[in-house]
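> I'd like to ask you about the structure that follows.
The values are calculated or read from the model by the stated rules, or taken from the named source; none is laboratory data. Everything numeric in this text was worked out from a predicted model, so none of it was measured. Note: ideal-geometry Cβ built from the backbone for every residue, glycine included; neighbour counts use all protein chains shown.
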Amino acid sequence: MKEVKKELKKCLEEAQQYFNNVSGPKLALVIDGKCLMYVLLDPSLRVMLLNLSLNCNSVVCCRASPLQKAQVTTMVKKGARKITLSIGDGANDVSMIQAAHVGIGISGLEGMQAVMASDFAIAQFRFLSDLLLVHGRWSYLRICKVVIYFFYKNLTFTLTQFWFTFQTGFSGQRFYDDWFQSLYNVMFTSLPVIIYGLLEKDVSASLSKKYPQLYMEGIRNSFFKWRLVAMWPFSAIFQSLIFYYFVTDSTSTGQNSSGKMFGLWDVSTVAFTCIVVTVNLRLLMMCNSMTRWHYISVGGSVLAWIQRWFFPYDYQIVQEIHRNEPDDYLRAGGLVISSRLTPDEARSFAISQLPRETSKHTGFAFDSPGYESFFAAQQGVYVPQKAWDVVRRASMRSKAKATLPPRDQCLSHRISHVHENQPFPEL
């Protein structure tokens, strides 16, 4: 046994030395179950096998037992700190599927054990490309944007209450009615997010499979970068300030239809209206693929708020809701806002969108798709770079040109000389 380990160690050292001497080799490693039995028992051999495997383009482990499959998966998972995926169709693949980060089972002639132990199930192996390149990428895009949007819409709503506490001396006086806070995430902003998370697509399935390089966006974490995540809370803070102070300033000298000065609940209702409309329209601006369900969900959420307060359907219910409030709302008369407030509300919405519009020209994009430059290079079209990208890539430009192969140099030269006003091609 010692002689076998010594011979394996010698072979692994020779292979590693070959990799160090040859630049950019494209080799594959084939190892059988008997060799794995010795390698996986020795920590030093296990480390050498891992380093050698990471330098190979592909590694084939043949005649391996179920335990060895799981051990190899765990070795790569913990040793290389990589995201692992295991796929199998039989009962002997169950341990490997459970050891990986993502397990995929193929339903076939060998039973359903692999499917029952997996995270995802497919009917044939060829569906793996669709699962990764199409649905996997879409899922990553949707999760990233939905998580960021949830923080944005709740910060915008909560911070207006926070700014109000400065004017009340932190007395605990609430700015919104209890019904506002209860129904904000339940009725007025929930359905659009669900529709967005189910139907959002930045590129079609055919383009995702035609250009598998787009899958690299998930590896680079393109949709969850720190500067992208940081801009959304900044937008929420900015919009909450605009909505609160613009509304309070506009209603400070206003009167309702009965001649009374606007009270606290009038002001909070106007601010809440601005928030509901803005966060729903902002979600609509995020969408890359628009369907009728997007319009229905956003329009329905806004109309639900308008119907809830401006067109109450039951006099007794509305009277019961507001029986403890200082002003008697009764019908919608207490919520009729003078016509001169409409320009202020429109101005508030316009100013609240300044960070998003500014980001388009500075590079700090809120929802930059990240694939325009890739498609531009494929089509040979010049796309003007943003200021942030120019600064970030300025130090790398000379090095990149020096390492470009002749064909890529020609492509780069051709792209840079295309007129800037040339329209983007239809894909």
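> Yes or no: the stretch 173-189 includes at least one residue that is in a helix (DSSP H, G or I), under 23 Å from F234 (Cβ atoms), at pLDDT 85 or above and in the same structural domain as Y244 (by TED's automatic domain parsing).
yes
> Which is of a type in the set (K, R), in contact with a Ser or Thr (Cβ under 6 Å, 6 or more places away or on another chain) and assigned to a helix (DSSP H, G or I), of K153, K145?
Sole residue among the options that is of a type in the set (K, R), in contact with a Ser or Thr (Cβ under 6 Å, 6 or more places away or on another chain) and assigned to a helix (DSSP H, G or I): K153.
> Enumerate the pairs (first residue in the stretch 213-241 and outside the structural domain of F164 (by TED's automatic domain parsing); second residue anywhere and part of a helix (DSSP H, G or I) and hydroxyl-bearing (S, T, Y)) with beta-carbon separation below 9 Å, excluding pairs fewer than 6 apart on the same chain, so at least 6 apart or on different chains.
Final answer for the pair search is none.
> Of all the residues that make up the stretch 82-141, how many are among the acidic types (D, E) and farther than 30 Å from Y196 by Cβ?
Qualifying residue count, the stretch 82-141: 3.
> Right, here's the next one. Within the stretch 116-161, count every residue that is surrounded by 14 or more Cβ atoms within 10 Å (Cβ to Cβ), under 19 Å from S208 (Cα atoms) and among the basic types (K, R).
So the count comes out to 3.
> Give me a count of the residues in the stretch 86-115 that are in contact (Cβ under 8 Å) with a residue 24 or more places away in the chain, within 28 Å of the chain's Cα centre (by Cα) and buried (at least 18 other Cβ atoms within 10 Å of the Cβ).
The total comes to 4.
> Within the bounds of the stretch 116-130, is there any residue that is basic (K, R), under 22 Å from G90 (Cβ atoms) and in a helix (DSSP H, G or I)?
Scanning the stretch 116-130, I find at least one residue that is basic (K, R), under 22 Å from G90 (Cβ atoms) and in a helix (DSSP H, G or I), so the answer is yes.
> What tally of residues in the stretch 180-201 results from selecting those that are over 25 Å from the mean Cα position of the chain (by Cα) and surrounded by 14 or more Cβ atoms within 10 Å (Cβ to Cβ)?
Number of matching residues: 3.
> On to the next question. Can you confirm whether G79 is in contact with a Phe, Trp or Tyr (Cβ under 9 Å, 6 or more places away or on another chain) and at pLDDT 85 or above?
No, not satisfied.
> Here is a further query. What number of residues within the stretch 126-150 satisfy the criterion of being without any contact (Cβ under 8 Å) to a residue 24 or more places away in the chain and of a type in the set (D, E, K, R)?
1
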